[in-house]
Every structure is written in structure tokens, then in C-alpha cells.
Amino acid sequence: MAAGPGGLGGGGGRTDFSPLGIHGDEDEENSSPVLLSVLVQHGQLGLCFYDNKDSSLNYMGDTPDSHELHLLARVIQEVCPHVIITSAKQEHCMTRFLQKLGILNRCRCKFGSKLLRNTNCHADLIELVSFIPSVIWDMQVDFESSLAENRFTIKPNVDSAIDENMETAVMTQLQNTILERSSSLYKVLDLTAELDCLIAMSSASQEYGYTSPKLASHRKITVTQGRHPLLEVCSPVFVANSFHSSESQGRVKIITGPNSSGKSIYLKQVGLIVFMALIGSDVPAKEAEIGLVDGIFTRMQSRESVSVGLSTFMIDLNQMAQALNSSTGNSLVLVDEFGKGTNTLKEGICQSSYAANIASLAGLPTSLVQRGMEVSELYRIGRPIKRVDKASSDEQANRCRSVVEKFLSLDLEDNDLDLQRFMKEELLPSAGEVLNHR
Ligand SMILES: Nc1ncnc2c1ncn2[C@@H]1O[C@H](COP(=O)(O)OP(=O)(O)O)[C@@H](O)[C@H]1O
Ligand SMILES: [Mg+2]
């Protein structure tokens, strides 16, 4: 690159034209320099110039020029460039042309001088100026690569506005390309997630000694020595517990016990084992047979949240309502300390009424459910609970008959007969039962 001297060729009429290296930075900014880029090769002249005044860039494609570069001289005369930029590797005619201008090897940029020293291109026409970047839209010369490759290399780091637009364009393109394939990508994600779950279930089964549950079409659930899948991993000792609920018996269970005795863990363990069995996993138990379960409903921990705007008790009620409205006789409903979030009086009423409802759903006889509610109410108000046995008259007659039959079966003439023992162990208990239940 060469900077032209003042009065270049004498015909430009631009008296302010001077080598850039001579001007200070302030001058450069004020003088709106015209920058001319030239390349001469095989008798062809190509150039372009940048006019800072109107920020225009003008090109002249390859045009034949004489050995003395008359056309170039003419252009320089007309354009009056402040700076001429040209390649470090020049044809001899260009070297001579610029030598005639007397402006060779001007260099005010520290990288430029380094470049000159390092590349030994003393004969070449190079002047590096600090504002090269502004000439070519703020592109930056990569001096290290330039030194290594003996040519100018421009860093791809362009104007930040261009950067932003480019980035947006590239991102939009990327987004569109991804969206075009979104359905297959989602499919791949789903399959990968499924595979991940299957692998996790299989390795947990091997690592923690799970068993394969039997799935059956009856309504029974039997879990022998079941464990809580998480607690057994965290706790040094875990006590396994069984669970049994048959077609007609044990379908409603009430668990009582002191604090921290493991009630909640047991409830969760039952729910988790049934759930794991239903999703096709092995379960943490010695044996398990899981019948038809059409849903698992829980009322356990209520997560309060400001965004939900409900009290703990209200969240509890919603969970219970969901269980009652959606569960059937084949559902597993797990309720842990329902009504804890309200006063004890309401808690008791809630618990007994929901327990009664669920018991009816589970198919318990209405008389039994009603008696349950009575007992619960008596307990709540602190009144004594009296035993009730309303045996039918047929049953009573049968009981009497059995006492009479036992008595008649005695052989009173038998010398070995121990009447004392008979009265005490056989007759009296039966007769007592009849009397007590009358
Ligand atoms: N089967 C068990 N084996 C060993 N530890 C248990 C078992 N069940 C519960 N625990 C321990 O007892 C703690 C209290 O259990 P939790 O079910 O919350 O009690 P509750 O609900 O009766 O107050 C648990 O955090 C756990 O560490
Ligand atoms: Mg608890």
C-alpha cells in the first residue's frame, strides 16, 4: 500500500493529498480521505475507490493498461486519492510506478513495520495504515496470519451491526431447519426417554433385588415383604412390610400408630409398588400379585404455593374431591392424615365421612359403614362405645340349638365323663355367648 504525495501528478487539483503517515489522526478524521485500491496483473488494471464523503465505493473491473500504467496515472489524477492501497506482491511495473511517486514503504503502524521486517519485502510497496479497518467496513487485518502467510488476512469479525443481522439470519435459518424436522426430532426424544426409563428400571431391578410382579385380572392386591424403593436405599435398616387386600376382605384399612412409626412410608410404599407394577417395572418386594387397579388417588403431602392461592386444607379438600369423584371400586385410594390442616373437630368429621364414602365405594355393606360412622362420632365426642351384635333370630336359634345338642350328646352313665371339664370348657362358653348376645 502506498500513500500518495501532495500534488500527485500535479493534475488533481487536490492540494490536501499527502501521505497518510504524515498526517496525525485528527487530520485523517477531518479530511474525509479518498481511498484507492489498485491491483495490476498481467497488463490488466483493476481498481476501486472509497469516497468517505458520501461513503460510496466505486469499482473498475480488469482493464488493459500500458506498461507505464497510463490509465492508472489518469485515474489518480482524477480521483486524487489520499491513500493508495495495493498488494504487497506487485508486478514490477507497479513498483516502478509507485517509486516514481516517491512514497514507498511508508509505514506508521507497528504491525505494519513488523510485517515489513518479517517478510523482507523491502521492494514491495507496502504502507500499512492504522485505519485500514475503516477502509474495508471495519474489517480488521489479522496481522499474525498476514505475517505467517505473507499476505493480508482479514479477520471475519465485521461490523457489530452486520454481526447482529448475520447472527439473526443464521439463527432463523437454523430454527427453520430444526422446525422442519421437529416431528422426527420429537419422536427421537420420546424414544430416547422411553429407552432411558427402561434401562433405569432394568438396572434398578438388578441392583436392588426387585421381583417381577404377577399381574392378574382379579381385584386382589398382595405384596409380601414390600419395601419403599427410595427409603430402602437411604436407610441403613429397612423393615419390610406386607400388604393384602382380597376380593371381599381387607379392602379398607385404617393404620394407626405413634408419630414416626412408619405409617406414611407404608402408604407410599403400597402406592409405589402398585404403580411400578402397572408401568411394567419390577417391584421392591419378595413377591407381589397386583390385580386390576384403574387408578391411584392420593391425599398425602400438600405443596402450598402462593400462585395456587389455596389454604392447605383447601388443597387437601380438592385432592379428596378428586379421589371421590373419580375413583371406582377398583381404585387404590391412599389418604394420609386428611384434615390435618384444620381444627381437630372438623378433622374428625371429615375423616369419618370420607372414610365412609370410600368404604361404600369399596363395596362394604351399608350397615357396617353406618356403624363405623357411629363409632367414630362416639369417639369424637368422648362417649363410651358399646358393643353391638344384632344377630338374626335364625342365628340365635342356631346358637341355642348347638348348646342343647352339646348337652344332649353327653353320656351321663359314662364313668369317665369329666362333667366339671365339660361344663367349664364346652358348655359354658357356648351358653355365655348365647346369653351375652341376647
Ligand atoms: N419400614 C421402615 N423401615 C425402616 N425405617 C422406616 C420404615 N418406615 C419408616 N421408617 C423411618 O421412620 C421415619 C418416619 O416414618 P413416617 O412414615 O413418616 O412416620 P409416620 O407417618 O408414622 O409419622 C421415616 O422417615 C423413616 O426414616
Ligand atoms: Mg406421617
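Across the range 178-194, computed HN-Hα scalar couplings (Karplus, 6.51 cos²θ - 1.76 cosθ + 1.60, θ = phi - 60°) run 5, 4, 4, 9, 4, 5, 6, 5, 4, 4, 4, 4, 4, 5, 5, 4, 5 Hz from first to last residue, x flagging Gly and Pro.
Of the whole protein surface, residue 76 contributes about 0 Å² of accessible area at a 1.4 Å probe radius.
When each of the peptides 321-333, 215-227 is scored by the mean number of other C-beta atoms lying within 10 Å of its residues, the order from highest to lowest reads 215-227, 321-333.
Quick one: order 96, 383 from most to least accessible surface, probe 1.4 Å.
Values: 96 90, 383 140 Å².
Accessible-area ranking of 96, 383, largest first: 383, 96.
Couplings 3J(HN,Hα) for the range 311-317, derived from phi with the Karplus relation 6.51 cos²θ - 1.76 cosθ + 1.60 (θ = phi - 60°), are 6, 4, 5, 5, 4, 4, 4 Hz, where x marks Gly and Pro. Each Lys and Arg Cβ is given +1 and each Asp and Glu Cβ -1; about its Cα centre, the range 210-381 then shows a dipole of about 140 debye. Determine the sum of side-chain charges near residue 218: Lys and Arg each +1, Asp and Glu each -1, restricted to other residues whose C-beta is under 11 angstrom from that of residue 218. Once positives and negatives cancel, what remains is +1.
Across the range 210-381, Cα pairs under 8 Å and at least six residues apart give a relative contact order of 24 percent.
Rounded to the nearest whole Hz, the Karplus-based 3J(HN,Hα) values (6.51 cos²θ - 1.76 cosθ + 1.60, θ = phi - 60°) of the range 267-278 follow the sequence 4, 5, 4, 4, x, 5, 5, 5, 4, 4, 4, 5, with x at glycine and proline.
Determine the shape class of the range 174-263: with a ≥ b ≥ c the square roots of the Cα gyration tensor eigenvalues, call it rounded for a/c under 1.5, and otherwise prolate if a/b is greater than b/c, oblate otherwise. Prolate, because a/c is 1.5 or more and a/b exceeds b/c.
Using just the C-alpha positions of the range 210-381 as equal point scatterers, what log10 of I(q)/I(0) does the Debye formula give at each q in 0.12 1/Å? The computed values of log10 I(q)/I(0) come out as -0.60. Label separation (residue 212 vs residue 200): 2.3 nm, computed from points 7 Å beyond Cα along the C-beta direction.
Most tightly packed first, judged by the mean number of other beta-carbon atoms within 10 Å of their residues, the peptides 255-267, 274-286 read 274-286, 255-267.
Computed from the Cβ-Cβ distance with R0 of 45 Å, the FRET efficiency linking residue 397 to residue 225 stands at 0.50.
Please sort by residue number the trypsin sites (Lys or Arg not before Pro) in the range 366-428 whose DSSP state is loop and whose Cβ has at most 14 other Cβ atoms within 10 Å.
Details: sites: 371, 380, 386, 387, 390, 399, 401, 406, 421, 424; in loops: 386, 387, 390.
The qualifying sites are 386, 387, 390.
A cut-off of 5 Å between modelled amide H atoms, ignoring neighbours fewer than 5 places along the same chain, links residue 242 with 225, 226.
Seen from residue 250, the other residues with C-beta closer than 13 Å to its C-beta sum to a net charge of +3, counting Lys and Arg as +1 and Asp and Glu as -1.
The values are calculated or read from the model by the stated rules, or taken from the named source; none is laboratory data. Keep in mind that this is a model prediction, so the values were computed, not measured. Using ideal geometry, Cβ is built from the backbone for each residue, glycine included, and neighbour counts are taken over all protein chains shown. We work out accessible area using only protein heavy atoms, side chains counted, and drop any ligands, DNA or RNA first. Shrake-Rupley method; radii C 1.70, N 1.55, O 1.52, S 1.80 Å.
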